[in-house]
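Data block below; observations after.
The values are calculated or read from the model by the stated rules, or taken from the named source; none is laboratory data. Computed from a prediction, not measured in an experiment: that's the story for all the values here. Neighbour counts are summed over all protein chains in view; Cβ atoms, including those assigned to glycine, are modelled from backbone coordinates with ideal geometry. To get the accessible areas, we keep the full protein, side chains included, count just its heavy atoms, and leave off ligands, DNA and RNA. Shrake-Rupley method; radii C 1.70, N 1.55, O 1.52, S 1.80 Å.
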Amino acid sequence: MSERARRAPDFFIAGAPRCGTTALYEYLRQHPQIFMPHTKEPCHLCPDLDSGSEDDAVRFMRDADRYFALFDGIPADRMAGEACVLYLYSTEAPRRIREISPRARIIVMLRDPIEQVYSHHAARRAGGEEDLDFAAALEAEADRAAGRRLPRVARNLHMYQYREVARYSGPLAAYVDHFGTERMRVMLLEEFSADPQAMYRATLEFLGVDPEFRPDFDIVNANRTAGGLIAGAARSTRLITAAKAIVPRRWREPAARLGGRLLRAGSREEPRPPMDEAIRRRLVDEFRPEVDRLSQLLGRDLTAVWPDYAAH
């Protein structure tokens with residue numbers, strides 16, 4: 001059966017990382033008129049970000065049959081959706097989404113770019129995928145783009161370009177080209193956090209389902225750090241190599257996904273220290289033109305929400 005002949009999602013939460021997509025996914029999947037699979041982040045439609053390594057099998061569902069099986073048997077009157085934070089940064093995802101679901105609705109969540117960069121780095125460090133502190137990771141981006149100074153367990157190599165991931169305007173414009181503004185909803189995490197009920201209701205109206213439904217609003221995906229034996233296992237090249245030797249190839253991708261879930265479950269909440277002020281000032285100057293471009297694209301002055309970028 002062709003991909004187009006199988007049930008595909010009606011809407012996609014397309015990113016960006018650390019911008020509230022997990023919370024929105026959890027709230028939407030509670031709605032009785034919406035189906036979202038238990039597997040968040042199938043990462044099937046962004047193969048350009050997949051290095052093809054076995055380490056990247058933690059994130060990328062490469063098999064099309066497995067991906068479309070996530071949506072088999074869903075009643076026609078129930079909306080299907082999926083969420084992947086990599087779809088915004090991917091250059092292939094907009095086209096691939098349109099190929100399998102031409103009338104799809106696209107939801108994108110953004111936040112202050114500097115806060116996104118800082119949170120993204122912290123999440124990868126907590127997940128055992130980053131071994132440099134924040135300042136060193138920013139300094140290493142050029143080397144890492146050339147394949148140098150990567151962690152021993154390096155997954156999803158493109159996402160080590162932290163600042164590029166937070167330059168939203170170009171990727172967002174690609175989605176506008178493929179789907180038009182009327183089929184897109186862009187939300188800011190700052191506004192979503194301030195009034196989740198209002199933003200959730202507006203999202204239900206955008207999707208065309210009952211806007212009166214109220215989910216259980218809980219804090220989801222708080223900053224976490226992994227410690228102890230679980231974190232050590234996730235970072236151990238020797239242990240990972242040994243596991244590969246005994247786990248049959250067909251089970252390696254599911255095993256890697258299970259390991260990622262165990263790592264997240266074994267992590268603990270820990271507040272991040274404040275960002276170094278000199279780094280923050282430098283990043284504000286670097287991102288100010290990007291915030292201007294994004295404001296023009298969205299037709300709103302984002303410095304009203306992100307005042308650090310206002311012209312002085």
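Before moving on, here are some points about what is shown:
Let's see how each residue does on (1) in a helix (DSSP H, G or I); (2) touching a residue at least 40 places away in the same chain (Cβ under 8 Å); (3) under 22 Å from residue 152 (Cα atoms):
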residue: 38; (1), (2), (3): no, no, no
residue: 41; (1), (2), (3): no, yes, no
residue: 57; (1), (2), (3): yes, yes, yes
residue: 62; (1), (2), (3): no, yes, no
residue: 65; (1), (2), (3): yes, no, no
residue: 68; (1), (2), (3): yes, yes, no
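- One residue from 137, 154 being part of a loop (DSSP other than H, G, I, E, B) and touching a Phe, Trp or Tyr at 6+ places or on another chain (Cβ under 8 Å): 154
- Matching residues, region 135-174, being more than 16 Å from residue 121 (Cα to Cα) and of a type in the set (S, T, N, Q): 169
- Options 7, 78, 59; residue that is modelled with pLDDT of 95 or more and either of a type in the set (A, V, I, L, M, F, W, C) or open to solvent by 10 Å² or more (accessible area, probe 1.4 Å) (or both): 78
- Restricted to helices (runs of 4 or more DSSP H) entirely inside region 232-312, those with at least 2 residues that are within 21 Å of the chain's Cα centre (by Cα) and either of a type in the set (Phe, Trp, Tyr) or modelled with pLDDT under 50 (or both) are 249-265.
- Wholly within region 162-208, helices (runs of 4 or more DSSP H) carrying at least 2 residues that are among the small types (Gly, Ala, Ser): 169-179, 189-194, 196-207
- Evaluation of residue 87 against (1) hydroxyl-bearing (Ser, Thr, Tyr); (2) in contact with a Leu (Cβ under 8 Å, 6 or more places away or on another chain); (3) surrounded by fewer than 16 Cβ atoms within 10 Å (Cβ to Cβ) (one fails), failing number: (3)
- Some residue of region 186-202 being on the phi > 0 side of the Ramachandran plot, open to solvent by less than 60 Å² (accessible area, probe 1.4 Å) and small (Gly, Ala, Ser): no
- Verdict on residue 149 being among the basic types (Lys, Arg), in contact with a helix residue (DSSP H, G or I) (Cβ under 7 Å, 6 or more places away or on another chain) and open to solvent by 40 Å² or more (accessible area, probe 1.4 Å): yes
- Residue list for region 72-86, restricted to those being in contact with a helix residue (DSSP H, G or I) (Cβ under 6 Å, 6 or more places away or on another chain) and part of a loop (DSSP other than H, G, I, E, B): 85, 86
- Pairs where the first residue, in region 158-180, is polar (S, T, N, Q) and modelled with pLDDT of 95 or more and the second is surrounded by fewer than 23 Cβ atoms within 10 Å (Cβ to Cβ) and part of a loop (DSSP other than H, G, I, E, B), C-beta under 7 Å, 6+ apart: none
- Subset of region 90-129 (residues that are part of a helix (DSSP H, G or I), within 21 Å of residue 50 (Cα to Cα) and among the β-branched types (Val, Ile, Thr)): 97, 100, 117
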